[in-house]
Every structure is written in C-alpha cells, then in structure tokens.
Amino acid sequence: MLSRYLPLFILLSIVAEILGTVGGFGSSVFFVPMASYFMDFQTVLGITALFHLSSNITKLGFFRKGFDKTLMLYLGIPAILFVSLGAYLSKYVNPRWLTLALGIFLVAFGLLFILNKTLKVDATKKNAFLGGSLSGFFAGLLGTGGAIRGATMTAFNLNKEKFIATSAIIDLGIDLSRSVIYTYNGFVHKRDLYLIPILIGVSIVGTYFGKKILDKITQEQFKRFVLFLLVGIGALTILFNLK
C-alpha cells in the first residue's frame, strides 16, 4: 500500500517535520497517526524511531545556541530510562486506550493554559523528572511522547532556540534507546529500510522550513503556538482512536 501512495506519504512527512520543528517537540506527534494509515502500528513504531534519529540530529545542526543543562539532566535521564520500559511493553499492550487517554490529557492541558494565561506549572526539578518519565514511557509505548515533554518544558520559559535544542538532544537519547528495543521486538523490517534515506531528506527539508518560520515569530507567539498545537494534536489523537 505504501509504495502506491509514497509521494503523499513523503509530503505528509515533510508537513509533520515542519510542524514538529515549529512546535519544538518533534514530528512523531504528527507522523505516528499519519503513518498508521499506511502501515501497521508496530511497523510505525520502528520507522518513527529511525526517522526521529535523523530528525533530531538535523535539529541539533540547525539549532546550536545552547542547551538547558538542568532539563537535560532532570528531564532527559528519566525519559531515556522510561522509554526502554515503554518500548518493551509495546509488544504486549493494546495501545488504543492509552493513546486515547494521551489525547484527552493534551487537550485538557492545552486548553487549561490557553484559557488561564496566569496559570503556571512550577519549574521544579520534581516536575521535570515527572514530565521526563511520562514522555519517555509514552514515546516507547506509543511512538510519541514529545508533546508531554513540550508541555513540561513550557514551564521553564526557555527561548525558542534553547527549547528546541534541549528537546532534540533529549529526544536523541530516547530514540537511540527505543530503536534497539524495537529492532529486538521485530518492529524494524528489511522491506522498509528503503525509507530511511527518504526520511533523512524529509528531516532536512522539514527542519529547514520550520526554522525559517520560527525566525519570523516572537517568543510569545511561539509559546501560544505550542499550546494550540498541543490541543490540535490531542484532538486529532482522540478522533483517530474513536474511528
């Protein structure tokens, strides 16, 4: 099926990469539900991890203006640890209800902060640890946890470049970990490996245009965009899982 619709798949992948770059938490939140229309869910997990590896390396090349070391430690380490648990369980757990719960959480979280502009998540190490653990676990289990990581990181008021660079380097560790386990689980198939160079090209093109868009918006517009994007991602996730 995919070979028949490959041009459409590539186009949608580029759109996912652009939105993931502008939102700051990666393309998988868009890529996973989109790719699920073309291949089975376990194959999607394997391809997403490989795609994300190239995507995050590309982002680190485009956004080199520093990282938040506190978040790399307190959010990144638990994310990398818990992604292994989620990736292992992905072989045994039906993801539909968990994905639906994730969608509801994202809609509720985003709307809460859009409607109440004075509301804040405390920028504490405890919240960073919790957000990292959840984002890593869902990234391994469902293929996407960047939206939870993005929701946590908004509390720390990072500038656009540091937000994206920090998110990308954490995501890189996540993807390295889950790629190994997905391969062990049999989710990465030889028949799909031809997609890797295509998706490397997609990550470069998508990140480039995403950065061009980011250069034209303010810090406040960026923060608002992230929240609206969370609501949109959550709504689409709910919609796809109710069919």
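The values are calculated or read from the model by the stated rules, or taken from the named source; none is laboratory data. Remember, it's a predicted structure, so these values are computed and weren't measured experimentally. No Cβ is skipped: glycine too gets one built from the backbone with ideal geometry, and neighbour counts run over all protein chains shown. Just the protein is used for accessible areas: all its heavy atoms, side chains included, with ligands, DNA and RNA removed. Shrake-Rupley method; radii C 1.70, N 1.55, O 1.52, S 1.80 Å.
With respect to the conditions (1) farther than 16 Å from F138 by Cβ; (2) touching a residue at least 24 places away in the same chain (Cβ under 8 Å), G201 falls short on a single one, namely (2). I need the full set of residues from the range 185-198 which are assigned to a helix (DSSP H, G or I) and free of Cβ contacts under 8 Å to residues at least 12 places away in the same chain, in order please. Correct list: K190, R191, P197.
Checked against (1) crowded, with 20+ Cβ neighbours inside 10 Å; (2) closer than 21 Å to L75 by Cβ, K126 passes all but condition (1). Screening T154 against (1) polar (S, T, N, Q); (2) open to solvent by less than 60 Å² (accessible area, probe 1.4 Å); (3) modelled with pLDDT of 80 or more leaves a single unmet condition, (3).
Exactly one residue out of T21, T48 is farther than 14 Å from F209 by Cα, in contact with a helix residue (DSSP H, G or I) (Cβ under 9 Å, 6 or more places away or on another chain) and surrounded by 24 or more Cβ atoms within 10 Å (Cβ to Cβ), and it is T48.
Here the condition is being touching a Gly at 6+ places or on another chain (Cβ under 6 Å) and open to solvent by less than 30 Å² (accessible area, probe 1.4 Å); of L214, L142, L227, it holds for L227 alone.
Is it fair to say G66 is more than 21 Å from T183 (Cα to Cα) and open to solvent by less than 30 Å² (accessible area, probe 1.4 Å)? Spelling it out, G66 is indeed more than 21 Å from T183 (Cα to Cα) and open to solvent by less than 30 Å² (accessible area, probe 1.4 Å).
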